[in-house]
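Inspection log for the structure reproduced underneath, given as C-alpha cells.
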Amino acid sequence: MLPVKLDHCVIHVSDWERANAFYTAVLGAELIARHPGYAYRFSDKQLNVHGPGVKPAEVARLSVKPGNSDLCFEWIGPIAEAIAHLDRCGVAVEAGPLRRFGARGEGTSVYFRDPDGSLMEFISYV
C-alpha cells in the first residue's frame, strides 16, 4: 500500500450563494472562504470549487463544468434518515434506495442532484 489518501477533488458551480446554501445545509460542509470563491470541507477532505470569478489551473486538460460531477458521501446512520433529511431540505430523491458498492463495501444509496444538476449520492453501510 502506498502512503496516499484522497485530499480533495474539484467541482464547478454557477451560483455561489445557491451552491453555498446547498453544500452547507444539505451536505454539512464547512464553508471555506477563498479569494475568489469558496471551498467545501468535510473533516479532512475538501471540495475545491470553480465558479464565478475563479480561473481554473492551466494544467487541467478539460475544466470541470457545472452539472458534470458525480459525488458520493457516506451517511452515518440508516438511509431512511438520509431520505428524511433530503425531504426536510426540499431536495428530491432521484433514485433509491438501492444496493451499491462503495469504499467500505456494500451499502444502500439514494441519489439526488445539486443546484447545477451534478449527481450526488448518500450511501449508508448500516
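The values are calculated or read from the model by the stated rules, or taken from the named source; none is laboratory data. Note that this is a predicted model, so its numbers are computed, not measured. We place every Cβ from the backbone using ideal geometry, glycine too, and count neighbours over all the protein chains shown.
Name the residue that is surrounded by the most Cβ atoms within 10 Å (Cβ to Cβ), counting only residues in the range 35-56 that are hydroxyl-bearing (Ser, Thr, Tyr) and closer than 21 Å to PHE122 by Cβ. Quick ask: steps written out before the conclusion?
Quick first cut of the range 35-56, residues hydroxyl-bearing (Ser, Thr, Tyr) only: 38, 40, 43.
So of that shortlist, the ones also closer than 21 Å to PHE122 by Cβ come out as 40, 43.
Numbers: TYR40: 23, SER43: 7.
Among them, the one singled out is TYR40.
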Check whether at least one residue in the range 58-71 is surrounded by fewer than 16 Cβ atoms within 10 Å (Cβ to Cβ), in contact (Cβ under 8 Å) with a residue 40 or more places away in the chain, assigned to a strand (DSSP E or B) and of a type in the set (Asp, Glu), and report yes or no.
yes
Within the range 103-119, count every residue that is within 26 Å of HIS50 (Cβ to Cβ) and either part of a loop (DSSP other than H, G, I, E, B) or modelled with pLDDT under 95 (or both).
6
Any chance the range 14-34 includes a residue that's part of a loop (DSSP other than H, G, I, E, B), over 21 Å from SER124 (Cβ atoms) and in contact with a Ser or Thr (Cβ under 9 Å, 6 or more places away or on another chain)?
no
For the subset of the range 35-57 comprising residues that are in contact with a Ser or Thr (Cβ under 8 Å, 6 or more places away or on another chain) and either assigned to a loop (DSSP other than H, G, I, E, B) or of a type in the set (Ser, Thr, Tyr) (or both), which member is farthest from SER118 (Cα to Cα)?
PRO56
Flag for PHE122 being buried (at least 19 other Cβ atoms within 10 Å of the Cβ) and either in a helix (DSSP H, G or I) or in contact with a Cys (Cβ under 9 Å, 6 or more places away or on another chain) (or both)
yes
